[in-house]
Each structure stands twice: as C-alpha cells, then as structure tokens.
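*Asks:* I'd like to ask some things about the structure below.
The values are calculated or read from the model by the stated rules, or taken from the named source; none is laboratory data. Not measured: the values here are computed from a predicted model. A quick note on method: Cβ atoms are made from the backbone with ideal geometry, for glycine too, and the neighbour counts reach across all protein chains shown.
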Amino acid sequence: MIRSNLVLFALMASVSAAASIPPMKITPLGKPDAPVSGTLNRNASGEPESLNPLRINELESRHIAEYVVEGLLYLNPDTYEFQPQLAESYEVSKDSLTYTFHLRKNAHFSDNTPVTAEDVKFSFDLVKDPAYKATARLPYYDNVDSVEAVDPATVRIKMKKKYFLTLMVLASSSNTPIVAKHIYQDPNKKFEGAPLFGSGPYKVEVYNRGKNLMLVRDNNWWGKEYADQRGFGKFERVNWHFIKEENLEIEMVKKGQIDYMEPIRAENFEKKAVGEPFGTTIIKVAAENRRPKNYGFIGWNEKNPLFKDRNVRVALSHLFNRKQLIEKFYFGRSVEGRSPFYYNSPFTSPQIKPIEFNPEKAKALLKKAGWEDSEKKGILQKTIDGKPVEFHFSLLLPNRDVEKFFTLYKEDLKKAGIDMEIKLIEWNTFSKLLDEQKFDAVTLSWGGGDVEDDLKQIWHTDSSKPGGSNFISYSNKEVDNLIDKAREEMDKNKRKLMWQKVSKLIADDAPYTFLFNPKYDLYLLNKRIGSVKPTYQYDLSYLFFYTSPLQ
C-alpha cells in the first residue's frame, strides 16, 4: 500500500456526511516552469522479477513503474492531500460505499489512445482474474463490489463495506495503476521489451535485461498542459541500473554513475562512504524522522513441522543476538524489531518488548517442545509423525551483503543443538520458491508501509495462498477477526486499539523473528541533482519524480 496519513482519515470522516467532495486543493510540486533536461541515474538493487504493472510486488519495481503508470489521484507528499491525476474530481456517497470518479477529457496513454472509463474498469477487474497473477493485491480488493463505466469519462465504484483505506486503494497508482485495456487485455501476451506501458510522463526507451532500463520523457505527455502536473518528470531520462552488490553501488555513486542511493546499510554509510567525494560532491544525509521504515525478519514456514510450535519460534528468536549486531554493524542507528508496525508507531502495542537474546531460555523452550539431544551428537532430535527428526533447516538468503549476520546466528544456533544451512539464492528463483511456499525459513525485509497499515496482506489467513504475501502460512483466527473489524472501523482511535491488540497477538505468536528497525533514513545524493528534504511520509524515491536538476 502507498503510505497514508491523517489526512486520509479526515477525508473519510468528511465524506460520510455529504454526497459531494469540495474541490481538491491543488499544491503544485517541484518547479513547474523548470526545463526538462538531464539524466537521473538510479539503482534498483537487482533486476525486478516483473515490470508488468499488474504483477509488481517489490517496492523498487513499484518505484520504476510509477514513472510510467498513473492512478486516478495522487497523494501530495508535502500536504498529504489527494490531488487530481487521471481523475479531475470525485464524489462519495453519504454512506461511504459509492465512489464516482470523473476522468480528464484529454488524458491519454503514450500511444495517444485516450484513457477511458473502460480502461479504469479493466484495471480493477483484472485483479480478480487468476490469469493476471495479481494475488498480492487481492486483499485490498475483496471489498470492491462492482466497477461501472457510466460513460467514457465517468467511473462508479461500489464497495461492499466501509473501509478506512478505500480512497487509497481505489485512487493511488501503487494500488490501482490504470493500464490500457488494448495493451494488457491478453494476460499471456509476450512483450518484446519491458512490459511497462502507461499514461505517465515517461515511457520505456531501452531495456537491457540484467543491466539497465532507460526511461525517456514522453514529449506528448498529456499532463504537461496542466499547472498542477507540470512539476512532474523534469529529467529528460531516468536510467535504472540493476546492481545487486551494495559495495559496487557505492563505487558507482562515487564515480557519478548513480546519483541517488537509498537505502544504504549503516556499516557502509560509516565505513565505505568516506573521503572524497563524500561530504562534498556527494551529500551524506542521516535524516531522523518518524516515517515508518523497513524492518528485516526471518520468516518461519509454519507448513514445516519444525516451526509449528510457538515455543520453537520464540526459542529461535531468543537465539538471535540483535543487540550485538546493532552495535557491530548498525552503529547504534537501529533498534530491535518487535512487531509488524514500526517500533514507535502509535499502532504498536506498548506492551510489546523485543525478544531478548537468551540461550538458556531458548533451550528451556526447545525442551518444552520435545527437542533434546538424546543421542549426545550435538544436535537436537524429536519424534515427529513416528519418525526421529534432527533439527536441521535451510535459511534462504537473497543477498550476500547480509550473509555475515546469519553466519553469527548459525554459530549461536549450533551451540543450542540446531543446524542451519545458509542458502544464497538468485532473486528470481528466490521469488518463485517464496510464491510456491517451498522453503524452510527465509530472511527478507518489508518496506515501511503506510503510517497506518492494513495488516491483511501479510498476516491474514486469506493471504496465505500461493503467490500471496503471507508466504509463511501464519494463521490465527483472533487475528483474522480483529483485522476484519479494524478494516471496517472508521473511527481512528477505536481502530488504533484494535491494531495494538493485533500487533501484540502477532508478536506473541513469533511467526517472524523481527530483526531491526532503522531509526534514520540514510542516503547519498549527488549535488548536481539538488538537495531534497526528507518528508514524514514519503521516502525520497517519490520526491525525485518531480525534482529537476540544478541548472
């Protein structure tokens, strides 16, 4: 989901009392009159699994796509208010169940084909069509009852129930990118280049698989005629590299081949990004703000008999020495993770405490779960389904940069009688194993998400199907019920108490070993493209969408 803020709640509260919405306040972004020039060089930390806007799951793939595709509205990162994009206005019924959007008459795709209500309807309908494999987006659309193209420029969407993030789901490009029906109507269509096509300021110029993707400004973009849109897309080109190794990415920043780097690990920020040109030509910024930031985790596949017992999962968390790693590799710039929300989020239960490093507690819990070194071989054993099983599992790792963290973990596990094999897997294979839920344990990180997240996508039983984000098959009926109720609760304070209870239940179940929460945004920025302030809600990737190079 795109990050939301309190403005969304204000909007939802106001629309329940009236059938029409006051004209949206327009706050132009960037420098609308600045010339289009220069190339912005960015990195996607590896080639995306898919560049098809209908199937994008990864955060960086979404950043790429949002240069090309658009939504009905967009959330201004400075004001946190929705502003027109493909839709020039919208209305909401008094019961907050019917949303009507009026499209701009001259909005068109990059091939000059008009954006119509049929394209909007298609963009919604395909999410529920299995052929398009948009499983990760389904949790946000289960409340959509119908989408009707009233006329070529009017779309009416009816919801089954009230939902606190309805407008975010329906209108933002990251949740509902509006795509061209004539381009994507065949789910099996083969694209010669990148399958990325839209109505936005940029279009694909060159796609070199495994190397880079070059986007070029669409000189015929419909939005350049509007004052509220002209601040977007001020670079002539955006060149996306696919560099997986962070050390190499830093070298490219140093040489001016990449203009902006975020995230960057604290260890590299402190030890590698030093000397010339860092601090002079290359700006180093550690921005402390309350924007929700990513959290790393180890996910325990609960389909695996090893991890079904909560005592085992808690024991595995007790064996991960996070404080040592924060001191050694994070230079005090992170805190221990503890829940599905950011550590200082108002939606995190204040009762949740990080699971401490305590091998003795871990051993006691493992013994309670029936694991003992009965043969004195240095590895725990247990009889499962009538067969003796040794505690051995594989941890899938998508990136060599963090391997050292888990090498230390492996040593602590071994002392407790557990054998962990670290498997470094190429990203596309990694994603496939994740989608098919064919793994023991996996380490990844989730993006910071919204100021207030909807936890259904990751934590609800309904999301545990293949291709879904609940790939560890976590299931708790009380969590499911609370998530369902919170989604329909329009009172923010009541909803906050529900999310706090959900976060406590999940933390107690220990389906993840929550690793670290960064306290700072760390980034490197080439001075030639200017200095951009970090905002509460958006990471800088979004801001570069409308930043222009210094002239």
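*Asks:* So which residues in the range 70-114 are at pLDDT 95 or above and β-branched (Val, Ile, Thr), if there are any at all?
*Replies:* Of everything in the range 70-114, those that are at pLDDT 95 or above and β-branched (Val, Ile, Thr) turn out to be THR98, THR100, THR113.
*Asks:* Any idea which of GLY467, GLY448 is assigned to a loop (DSSP other than H, G, I, E, B) and either surrounded by fewer than 20 Cβ atoms within 10 Å (Cβ to Cβ) or at positive phi (or both)? Full working, then the answer.
*Replies:* On the way: GLY448 fails: either surrounded by fewer than 20 Cβ atoms within 10 Å (Cβ to Cβ) or at positive phi (or both).
Result: GLY467 is the single residue among GLY467, GLY448 that is assigned to a loop (DSSP other than H, G, I, E, B) and either surrounded by fewer than 20 Cβ atoms within 10 Å (Cβ to Cβ) or at positive phi (or both).
*Asks:* Output the residue which, of all residues in the range 382-396 that are free of Cβ contacts under 8 Å to residues at least 60 places away in the same chain and buried (at least 19 other Cβ atoms within 10 Å of the Cβ), is nearest to the chain's Cα centre (by Cα).
*Replies:* Among residues in the range 382-396 that are free of Cβ contacts under 8 Å to residues at least 60 places away in the same chain and buried (at least 19 other Cβ atoms within 10 Å of the Cβ), the one nearest to the chain's Cα centre (by Cα) is LEU396.
Quick grid of which residues meet (1) over 15 Å from PHE320 (Cα atoms); (2) among the polar types (S, T, N, Q):
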| position | (1), (2) |
| --- | --- |
| LEU397 | yes, no |
| ARG400 | yes, no |
| LYS404 | no, no |
| THR407 | no, yes |
| MET420 | no, no |
| GLU426 | yes, no |
| LYS438 | yes, no |
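*Asks:* Just checking, which of SER469, SER464, SER503, SER475 is over 26 Å from ARG55 (Cβ atoms) and among the hydroxyl-bearing types (Ser, Thr, Tyr)? Walk me through it before giving the result.
*Replies:* Numbers: SER469 fails: over 26 Å from ARG55 (Cβ atoms); SER464 fails: over 26 Å from ARG55 (Cβ atoms); SER475 fails: over 26 Å from ARG55 (Cβ atoms).
Every option except SER503 fails the conditions.
*Asks:* Keeping to the range 405-425, report how many residues are free of Cβ contacts under 8 Å to residues at least 60 places away in the same chain, in a helix (DSSP H, G or I) and in contact with a helix residue (DSSP H, G or I) (Cβ under 9 Å, 6 or more places away or on another chain).
*Replies:* So the count comes out to 1.
*Asks:* Before we move on, is LEU455 modelled with pLDDT under 95 and either of a type in the set (Phe, Trp, Tyr) or within 20 Å of the chain's Cα centre (by Cα) (or both)?
*Replies:* The answer is yes for LEU455.
*Asks:* Sort out which residues of the range 95-130 are surrounded by fewer than 18 Cβ atoms within 10 Å (Cβ to Cβ), farther than 20 Å from GLN83 by Cβ and basic (Lys, Arg), and write them in order of number.
*Replies:* LYS128
*Asks:* Right, next: Out of all the residues in the range 478-530, which are outside any helix (DSSP H, G or I), free of Cβ contacts under 8 Å to residues at least 60 places away in the same chain and under 26 Å from THR461 (Cβ atoms)? Write out each step before concluding.
*Replies:* Pass one, the range 478-530, residues outside any helix (DSSP H, G or I): 489-491, 510-526, 530.
Keeping just the survivors that are free of Cβ contacts under 8 Å to residues at least 60 places away in the same chain gives 491, 530.
Correct list: ASP491 only.
*Asks:* If you take just the helices (runs of 4 or more DSSP H) that sit entirely in the range 300-374, which of them hold at least 1 residues that are modelled with pLDDT under 95 and surrounded by 15 or more Cβ atoms within 10 Å (Cβ to Cβ)?
*Replies:* Of the helices (runs of 4 or more DSSP H) lying wholly inside the range 300-374, those with at least 1 residues that are modelled with pLDDT under 95 and surrounded by 15 or more Cβ atoms within 10 Å (Cβ to Cβ) span 322-329.
*Asks:* May I pose another question? Looking at VAL68 and the list (1) out of contact with any helix residue (DSSP H, G or I) (no Cβ under 9 Å at 6 or more places or on another chain); (2) over 26 Å from GLU262 (Cα atoms); (3) not in a helix (DSSP H, G or I), which single condition is not satisfied?
*Replies:* (2)
*Asks:* Another question, if that's okay. Listed residues VAL120, VAL92, VAL115, VAL68; which is farther than 14 Å from SER173 by Cβ and among the hydrophobic types (A, V, I, L, M, F, W, C)?
*Replies:* Selected residue: VAL92, the only one of VAL120, VAL92, VAL115, VAL68 that is farther than 14 Å from SER173 by Cβ and among the hydrophobic types (A, V, I, L, M, F, W, C).
*Asks:* Is there a residue being buried (at least 16 other Cβ atoms within 10 Å of the Cβ), of a type in the set (D, E, K, R) and in a strand (DSSP E or B) anywhere in the range 131-138?
*Replies:* No - not one qualifying residue is present in the range 131-138.
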